[in-house]
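Written out below as structure tokens is the structure these notes cover.
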Amino acid sequence: VGSILAVVKAISAAPVTYSIVPGFASGPTEPALFSVDEAGQLRLLRRLDRETASSHTLFIRAETDTTPPLVDYMEINIQVRDVNDNMPLFTCSPYIVTIPEDAEPQHSIIQLQASDRDHEAQPLSFSFSQGMSDMASIFSINPVTGWIVLLTQLDREKQDFYNLT
């Protein structure tokens, strides 16, 4: 925010005034995202979000301080690079599963699914949270596919509920 994105320059013997032509911009325009000053410096006024708009097109007007004024226009295309600013979201929360007590080891229980709004996000990796090491002998999770698999026979009389995070 506040950084100079580009500098436009119209060649004229007379002073030139620059402005962004309202109504001819693509992408969100309210409130204003860009400004241009008397030196032709195009500045960023607010943080851009690639998930809202991946590009912006502006038309800059250059007008001489003469009578009659001489006018020219320049089109500027701005491509927004993505940053990892969105956390992954599970498609369901919480996941609730019932497993039969006689389920065999290697039984696939459920496949977790999540998405990330970031355009250039790395592939998601699934894992159990810290503090779940005691469950590592009972359940496993495939870090790529998100499948949770039973590793051992369950005994409902010993434990009838498991909370995995």
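The values are calculated or read from the model by the stated rules, or taken from the named source; none is laboratory data. All figures in this text were calculated on a predicted structure; none of them were measured in a lab. Counting neighbours? That spans all protein chains shown, and the Cβs are built from the backbone with ideal geometry, glycine included. The protein model used for the area step is the full one, side chains on, heavy atoms only, and it has no ligands, DNA or RNA in it. Shrake-Rupley method; radii C 1.70, N 1.55, O 1.52, S 1.80 Å.
Being modelled with pLDDT under 95, open to solvent by less than 50 Å² (accessible area, probe 1.4 Å) and under 30 Å from G146 (Cα atoms), is that true of even one residue in region 60-82?
yes
What number of residues in region 43-59 are surrounded by 15 or more Cβ atoms within 10 Å (Cβ to Cβ) and under 30 Å from S127 (Cα atoms)?
Total meeting the criteria: 2.
So how many residues does region 4-21 have that are loosely packed, with under 14 Cβ neighbours inside 10 Å and outside any strand (DSSP E or B)?
Residues flagged as loosely packed, with under 14 Cβ neighbours inside 10 Å and outside any strand (DSSP E or B) within region 4-21 amount to 6.
Out of all the residues in region 92-150, which are of a type in the set (D, E, K, R) and either closer than 21 Å to N163 by Cβ or open to solvent by 50 Å² or more (accessible area, probe 1.4 Å) (or both)? If you could, list the steps in order and put the result at the bottom.
At the first step, the residues of region 92-150 found to be of a type in the set (D, E, K, R) are 101-102, 104, 116-118, 120, 134.
Across region 92-150, the qualifying residues are E101, D102, E104, R117, E120, D134.
Suppose the filter is at pLDDT below 95, in contact with a His (Cβ under 6 Å, 6 or more places away or on another chain) and of a type in the set (V, I, T); does I20 pass it?
Numbers: at pLDDT below 95: yes; in contact with a His (Cβ under 6 Å, 6 or more places away or on another chain): no; of a type in the set (V, I, T): yes.
No.
Give me the strands (runs of 3 or more DSSP E) completely within region 22-141, filtered to those with at least 3 residues that are under 23 Å from S3 (Cα atoms) and in contact (Cβ under 8 Å) with a residue 40 or more places away in the chain, ordered by residue number. Break it down stepwise before answering.
Details: elements: 34-36, 41-44, 55-64, 71-79, 108-111, 139-141.
In region 22-141, the matching strands (runs of 3 or more DSSP E) lie at 55-64, 71-79.
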